[in-house]
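Written below as structure tokens is the structure these notes are about.
The values are calculated or read from the model by the stated rules, or taken from the named source; none is laboratory data. Owing to the predicted nature of the structure, the values given are computational and were not obtained by experimental measurement. Here Cβ is always computed from backbone atoms with ideal geometry, including for glycine, and neighbour counts include all displayed protein chains.
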Ligand SMILES: NC(=O)c1ccc[n+]([C@@H]2O[C@H](COP(=O)([O-])OP(=O)(O)OC[C@H]3O[C@@H](n4cnc5c(N)ncnc54)[C@H](O)[C@@H]3O)[C@@H](O)[C@H]2O)c1
């Protein structure tokens, strides 16, 4: 088998059905396109039905479907999983991607905001996982990818509830891996850094905060949503058959430390050259 055939065998999603929540958004619409490009049929689920319908014609392959769901309600999650199973007959992969955030100081958060952020980012992933495993994966295996965040590990001011939810995603991912490993199910989390989507638009538009992001990120820039796709395909494909219960940071090196002051790249490059 040549290299291309070997890669295709391990990374192909042909014959698989993948349910993606938040598929109308910046990151997960790109995930839907990538997963379809790898050969899977995709069920795109979102509160915004128009947004997921608009993604459908941009995807390769056939058989993809759009579903409206309000993930804050467990009854709607149950109905959504039934609808996806009625349309596709199986679910092999689940991406829990829907998320919301609002930057506000800890002292200013009220119960309604707390519930809104926790419900979409954490409760929905918990019950979507439960439903998909009960109805589709128990007995045949599958892959779960939960979308965590840089804020799962390090907190930016004003992200207290979001940070609680995204830290919770790491615990949820471990529980899924521990309890469902025996069913042939692997669960992992991807923790993106700063990705250019509507969720992060305000950061991009604020020059002071954008400079901060550049300084704390080894790659010295925000990322485009497509830069998460390699990890997504890996975690949904057979190539990750012995990977479970982990969090994979795709953050341009932000958790590695960053540089709190300007460090000229040319100097680093020269120094490197001199030591060779
Ligand atoms: N953009 C970033 O820099 C970044 C960084 C780290 C983590 N993340 C995470 O990545 C994921 C995707 O983020 P994004 O930047 O693409 O955001 P986005 O705002 O572009 O997309 C979020 C999607 O979730 C959907 N949604 C919101 N509430 C819902 C509900 N109640 N029911 C169903 N769907 C609902 C929205 O309609 C939207 O399509 C989120 O979990 C987010 O927390 C994003």
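Taking the conditions exactly as written (within 14 Å of the ligand (Cβ to nearest atom) and touching a helix residue (DSSP H, G or I) at 6+ places or on another chain (Cβ under 7 Å)), does residue 101 satisfy them or not?
Yes, satisfied.
Working carefully through the options 112, 148, 177, find the one that is at pLDDT 95 or above and buried (at least 22 other Cβ atoms within 10 Å of the Cβ).
When all the criteria are applied, what remains is 148.
Can you find, within region 54-94, the residue that is farthest from the ligand (Cβ to nearest atom) among those that are loosely packed, with under 15 Cβ neighbours inside 10 Å, free of Cβ contacts under 8 Å to residues at least 24 places away in the same chain and more than 25 Å from residue 115 (Cβ to Cβ)?
Out of the qualifying residues, it is 62.
Take residue 148 and decide whether it is within 14 Å of the ligand (Cβ to nearest atom) and over 17 Å from residue 104 (Cβ atoms).
Spelling it out, residue 148 is indeed within 14 Å of the ligand (Cβ to nearest atom) and over 17 Å from residue 104 (Cβ atoms).
Does residue 159 satisfy the condition of being over 23 Å from residue 74 (Cα atoms), within 16 Å of the ligand (Cβ to nearest atom) and either surrounded by 18 or more Cβ atoms within 10 Å (Cβ to Cβ) or in contact (Cβ under 8 Å) with a residue 60 or more places away in the chain (or both)?
Considered against the rule, which asks whether it is over 23 Å from residue 74 (Cα atoms), within 16 Å of the ligand (Cβ to nearest atom) and either surrounded by 18 or more Cβ atoms within 10 Å (Cβ to Cβ) or in contact (Cβ under 8 Å) with a residue 60 or more places away in the chain (or both), residue 159 comes out as yes.
Is at least one residue of region 122-142 under 16 Å from the mean Cα position of the chain (by Cα), more than 24 Å from residue 161 (Cβ to Cβ) and away from the ligand (no atom under 13 Å from the Cβ)?
no
Every residue, every condition in (1) closer than 22 Å to residue 99 by Cα; (2) in contact with a helix residue (DSSP H, G or I) (Cβ under 7 Å, 6 or more places away or on another chain); (3) surrounded by fewer than 19 Cβ atoms within 10 Å (Cβ to Cβ), yes or no:
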site: 10; (1), (2), (3): no, yes, yes
site: 15; (1), (2), (3): no, no, yes
site: 18; (1), (2), (3): yes, yes, no
site: 34; (1), (2), (3): yes, yes, no
site: 42; (1), (2), (3): yes, yes, no
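Looking at this structure, is residue 193 away from the ligand (no atom under 14 Å from the Cβ) and in contact with a helix residue (DSSP H, G or I) (Cβ under 9 Å, 6 or more places away or on another chain)?
Judged against the criteria, residue 193 is not a match.
Might you let me know whether region 3-16 holds any residue that is within 11 Å of the ligand (Cβ to nearest atom) and without any contact (Cβ under 8 Å) to a residue 40 or more places away in the chain?
No, region 3-16 contains no residue that is within 11 Å of the ligand (Cβ to nearest atom) and without any contact (Cβ under 8 Å) to a residue 40 or more places away in the chain.
Condition first: crowded, with 17+ Cβ neighbours inside 10 Å and at pLDDT 85 or above. Now tell me which residues in region 191-213 satisfy that.
Of everything in region 191-213, those that are crowded, with 17+ Cβ neighbours inside 10 Å and at pLDDT 85 or above turn out to be 191, 192, 193, 194, 195, 196, 197, 213.
Which of the residues belonging to region 139-176 are touching a strand residue (DSSP E or B) at 6+ places or on another chain (Cβ under 8 Å) and in a strand (DSSP E or B)?
Selection gives 142, 143, 144, 145, 146, 147.
Kindly check whether there is at least one residue in region 230-237 that is over 29 Å from residue 92 (Cβ atoms), within 14 Å of the ligand (Cβ to nearest atom) and surrounded by fewer than 20 Cβ atoms within 10 Å (Cβ to Cβ).
Checked against the condition, which is being over 29 Å from residue 92 (Cβ atoms), within 14 Å of the ligand (Cβ to nearest atom) and surrounded by fewer than 20 Cβ atoms within 10 Å (Cβ to Cβ), region 230-237 yields no hits at all.
Would it be correct to say that residue 30 is within 24 Å of residue 228 (Cα to Cα), in contact (Cβ under 8 Å) with a residue 12 or more places away in the chain and surrounded by 15 or more Cβ atoms within 10 Å (Cβ to Cβ)?
Yes: the conditions hold for residue 30.
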